[in-house]
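The values are calculated or read from the model by the stated rules, or taken from the named source; none is laboratory data. Owing to the predicted nature of the structure, the values given are computational and were not obtained by experimental measurement. All Cβ positions, even for glycine, are placed from backbone atoms using ideal geometry, and neighbour counts span all protein chains on display. Protein only, heavy atoms only, side chains kept; ligands, DNA and RNA dropped before computing areas. Shrake-Rupley method; radii C 1.70, N 1.55, O 1.52, S 1.80 Å.
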Amino acid sequence: MNGVEDIAMRLLQATREQLHGKPTREVEPFEIAQKAGINPFSGEYETAIRYLLDHGYIEHYPNEAVSAL
């Protein structure tokens, strides 16, 4: 795995751990980043999230406040 894939997989694992046993698919991104040991304000975080989105591992959570307008 390259650096981006490694970071992405760490984020994915932290996401799965956060969702375990919950009836919702909503997550706390900053908590996940911290659990994975990644700065949520870094470029590597953004790149890894884009990787996960582009490869279908995760999807955007619809913002109900915006979609209700």
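Key figures for this structure:
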item	result
Residue among 32, 58 that alone is in a helix (DSSP H, G or I) and surrounded by 12 or more Cβ atoms within 10 Å (Cβ to Cβ)	32
Unmet criterion (only one of (1) open to solvent by 80 Å² or more (accessible area, probe 1.4 Å); (2) in a helix (DSSP H, G or I); (3) modelled with pLDDT under 95) for residue 18	(1)
